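Read through the structure below, which is laid out as structure tokens, and then see the notes.
The values are calculated or read from the model by the stated rules, or taken from the named source; none is laboratory data. What you are looking at is a predicted structure, and each value in this text was computed from that prediction instead of being measured. Cβ: placed from backbone, ideal geometry, glycine included. Neighbour counts: every protein chain shown. All accessible areas refer to the heavy atoms of the entire protein, side chains included, with ligands and DNA or RNA removed. Shrake-Rupley method; radii C 1.70, N 1.55, O 1.52, S 1.80 Å.
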Amino acid sequence: MPEKVIKVLLVDDHQVVRRGLRTFLEVQDDIEVVGEASDGAEGVARTEELRPDVVLMDIKMPGTDGIEALRRLRELDNPAKVLIVTSFTEQRTVVPALRAGASGYVYKDVDPDALAGAIRSVHAGHVLLQPEVAGALLAQDDTGNGTGRGSTLTEREREVLGLIADGRSNREIARALVLSEKTVKTHVSNILMKLDLSDRTQAALWAVRNGAAG
């Protein structure tokens, strides 16, 4: 049995989709499905109740959709990572979800092994962005319109920011820079505060836009 089991919540209005996801994920040694929800409002409530590590969230659901659920989770400062699982490939549906706080997305026809890998990846702190969607986010992003705030970063914080843009987790950054994971978390918090950003996705996009990526 793995040392750390990733607790997953399934949020989708189609029972057959939830059943299919559960059937596959339950055979993974390091992933445990702790619950299900059929819409965004229930998903938020269940996330608060069950405290999963990763939420697999559909975008289009009746009532409270996935994007609104993401916004509510951010307001609650819930630490769960959200991985969007969608059949919608248009940027106009995926980009708002990422801006609302999702750590990445996969399509519902994703290869099962790739889905498990995506869950492990976002749990480890990675941001899953495909190039065309990252470009759309950058085009819409107005939080990093200028490098002035970047001048307040220390050299070490710039190194950490570059590795965030590279998709590295805190643990990987700690290894690369020979630091403790606690120190890296402090650097990340300082970066977000100095750049007035709310999460790692925005930090990665700021780094790309302002030439701070590795």
**Packing-based order for 179-191, 45-57, 113-125, using average beta carbon neighbours within 10 Å, highest first** = 45-57, 113-125, 179-191
**Largest to smallest principal axis extent of the C-alpha atoms in the stretch 43-129, angstrom** = 31, 27, 19
**Fill in**
FRET efficiency for ARG158 and ALA124 from the Cβ-Cβ distance with R0 = 35 Å, rounded to 0.05, comes out at 0.95
**Asked** Rounded to the nearest whole Å², what accessible area per residue is found for the stretch 1-105 with the 1.4 Å probe?
**Response** 47 Å²
**Request:** Starting from the Cα of GLU48, step 7 Å along the direction of its Cβ; do the same at ASP199; then give the gap between the two resulting points in nm.
**Result:** 1.8 nm
**Message:** For the full complex of protein chains and a 1.4 angstrom probe, list ARG71, ARG168, ARG175 by accessible area with the highest value first.
**Reply:** ARG175, ARG71, ARG168
